[in-house]
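**Student:** Before I ask anything, here is the structure I am working with.
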Amino acid sequence: MPKKILFIHGGTLEKAGTESFMMNVLRHINKSAYQIDFVVFGCKPGAYDDEVRSYGSKIYAINLFTLLKMSREIKRADYDIVHAHMNALNALILPYFRMLGIKILISHSHGSRNFINNRVIDFLENQLKRITPHLTFNLLACSKEAGDFLYGKHPYTIINNGIDTTIFHYDPVLRNNIRKAMNIEDKLVIGAIGRLNFQKNHSFLLKVFVKIAQKRKDAVLLLIGDGELKENLQKQAETLKIEDHVHFLGIRQDVNAILSALDFVMMPSLFEGLPYALVEAQATGVFCLASDTIDQKTAMTGNFVFLPIDDPDIWANACLERLDYIRKDESLTIKEKGFDVIQNVKDLEHYYQKVL
């Protein structure tokens, strides 16, 4: 019988970093040894729901109306491990699942700051951080910054956010096809991949792009992702008079192809753990410009620079000074650096074996 693991996530299964980690584990874990089910908060359908169920996994969608019923089902299912992916909020939910009789509790940190931009919630989550290491000794993080943020000086284990290097690699054919389909064949193409929320700092990115577009009339900006700030960002682009150069592509299934099509990737995030998008981008050899708030271990190739997020001119100049960089496939480099999903899932399996 496979060991039963329950992933806990604070929202529905949308296309974002934490969800990517959970899905990569689900896809590649030894299914004869482990069964993974999900608890999500909220009943809205998620982007990954159909795929999750295709593996025979359950999704418990919890809200105030379904809590009692779901709790009874979870208790009857007799899970071996609860693996919580809610960062500071792990401190709230882990005791609840211990009450349901699940003895092995794992806390996983996926960020280096609280994800909600609210002073009151930020204060509460900072208090919860102090509790987490006292609820369980099983502490995981995606990076040193993420681990230090949630656990302080308590010992923890890093599990890398690995990618599928057979998919994310530089492909000139895909590059040409995407650029032709989007009518950007002769353009300077800059891209950003991530949710359109405050953390990703797209407002700053638009200011950077204005500076670039002033010097390169052929520049275009592709924003891949969706989120609550989309309308605000569209209005900002109009105010800055760059709306004809900024394309909101929404959630895409062909991110690997788009990465091959890009000339530069920019991520001026206010905070990150160790973002999947930059690991994937580097595998395709595209030059990456990232905020210096991001874990320094994110840089794994020569085509990468960290920059402060207080001056758009610095970012624009850093981009325009590197137009002649040499691009090549870096998927093997990423694999050698320890960010191949197959190995990372094996690392997690070994961790599960250790705590069981």
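**Student:** Give me, ordered by chain and number, the residues 5 or more places off Val39 or on other chains with an amide H under 5 Å from its own placed amide H.
**Tutor:** Amide H neighbours of Val39, under 5 Å, 5+ apart: Phe7, Ile8, His9, Tyr60.
**Student:** Given that compact globular proteins tend to follow 2.2 N^0.38 Å, what is the ratio of the alpha-carbon Rg of the range 66-219 to that value?
**Tutor:** Output field value: 1.45.
**Student:** Could you grab the Rg to Rh ratio for the range 243-296? Cα atoms only, Kirkwood for Rh.
**Tutor:** 0.97
**Student:** So which residue, out of Thr157, Thr239, Thr132, gets the largest mean-square fluctuation from a GNM of the chain using Cα contacts under 10 Å as springs?
**Tutor:** Judging by the Gaussian network model, the answer is Thr239.
**Student:** Follow-up. List, largest first, the extents of the alpha carbons of the range 255-337 along their principal axes, each in whole Å.
**Tutor:** Answer, in whole Å and largest first: 34, 29, 21 Å.
**Student:** With bins 5 Å wide starting at 0, give me the P(r) of the range 186-266 over every alpha carbon pair, in whole percents.
**Tutor:** 3, 15, 30, 26, 18, 7, 0
**Student:** In addition: Once amide H atoms are built 1.01 Å from N in the peptide plane, which residues 5 or more positions from Phe304, or in another chain, come under 5 Å H to H?
**Tutor:** Cys288
**Student:** Additional query: Please express the shape of the chain as an equivalent ellipsoid: the semi-axes are the square roots of 5 times the eigenvalues of the C-alpha gyration tensor, given largest first in whole angstrom.
**Tutor:** 36, 21, 19
**Student:** Averaged over all directions, how much area does the convex hull of the C-alpha atoms of the range 1-74 cover when projected, in nm²?
**Tutor:** The orientation-averaged projected area of the Cα hull of the range 1-74 comes to 4.8 nm².
**Student:** Cut-off 10 angstrom, C-alpha nodes, Gaussian network model of the chain. Which of Leu323, Leu174, Leu188 fluctuates the most?
**Tutor:** The residue that fluctuates most here is Leu323.
**Student:** From the cross-link list Lys207/Lys297; Lys15/Lys58; Lys144/Lys328; Lys144/Lys207; Lys3/Lys346, which pairs have alpha carbons spaced over 20 Å apart?
**Tutor:** In this structure, Lys207/Lys297; Lys144/Lys328; Lys144/Lys207 lie more than 20 Å apart at Cα.
**Student:** Rg (Å, one decimal) plus Dmax (Å, integer) for the alpha carbons of the range 146-245?
**Tutor:** 17.8, 52
**Student:** Let me ask something additional. Specify the residue with the greatest mean-square fluctuation among Leu249, Leu206, Leu221, computed from a Gaussian network of the chain linking alpha-carbon atoms under 10 Å apart.
**Tutor:** Leu249
**Student:** To make sure I understand the rule: partners must be aspartates and glutamates, Cα under 17 Å from the Cα of Lys69, and not fewer than 8 residues away in the same chain. Which ones qualify?
**Tutor:** Excluding near neighbours in sequence, the set is Asp37, Asp78.
**Student:** Can you sort Cys288, Cys43 by solvent-accessible area, 1.4 Å probe, largest first?
**Tutor:** Cys43, Cys288
The values are calculated or read from the model by the stated rules, or taken from the named source; none is laboratory data. All figures in this text were calculated on a predicted structure; none of them were measured in a lab. Please note that ligands, DNA and RNA were not included when accessible areas were found on the heavy atoms of the full protein model with its side chains. Shrake-Rupley method; radii C 1.70, N 1.55, O 1.52, S 1.80 Å.
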